[in-house]
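Presented below is the structure to which this report refers.
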Amino acid sequence: MVNRKLYRSTTNRMLGGVCAGIADYFNCDATIIRLVYVALSVFTVAFPGIIVYIIAAIIIPNDPGYTDITNS
């Protein structure tokens with residue numbers, strides 16, 4: 001089994017990089033994850049999308065393999 005970890009994306013982010021990080025983890029397109037997340041957030045009352053996203057953005061760490069070359 002491959003040892004994968006969930007990280008927020010630092011290169012393919014729209015807001016916090018949570019959906020892109022989940023897409024990287026499952027090896028699929030980030031746009032599909034974003035569309036599913038928005039659909040769940042809008043069309044279901046029981047899914048508190050904004051709160052879950054904020055909590056995930058706080059808990060999931062940034063990708064450690066990314067280096068910002070603009071600050072060097």
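Highlighted here are the helices (runs of 4 or more DSSP H) found entirely within region 12-71 that include at least 2 residues which are touching a strand residue (DSSP E or B) at 6+ places or on another chain (Cβ under 7 Å) and open to solvent by less than 70 Å² (accessible area, probe 1.4 Å): 18-26. Of the residues making up region 48-62, those that are touching a residue at least 40 places away in the same chain (Cβ under 8 Å) and over 14 Å from Cys19 (Cβ atoms) are Pro61, Asn62.
The values are calculated or read from the model by the stated rules, or taken from the named source; none is laboratory data. All figures in this text were calculated on a predicted structure; none of them were measured in a lab. A quick note on method: Cβ atoms are made from the backbone with ideal geometry, for glycine too, and the neighbour counts reach across all protein chains shown. Note: areas computed on protein heavy atoms with side chains; ligands, DNA, RNA excluded. Shrake-Rupley method; radii C 1.70, N 1.55, O 1.52, S 1.80 Å.
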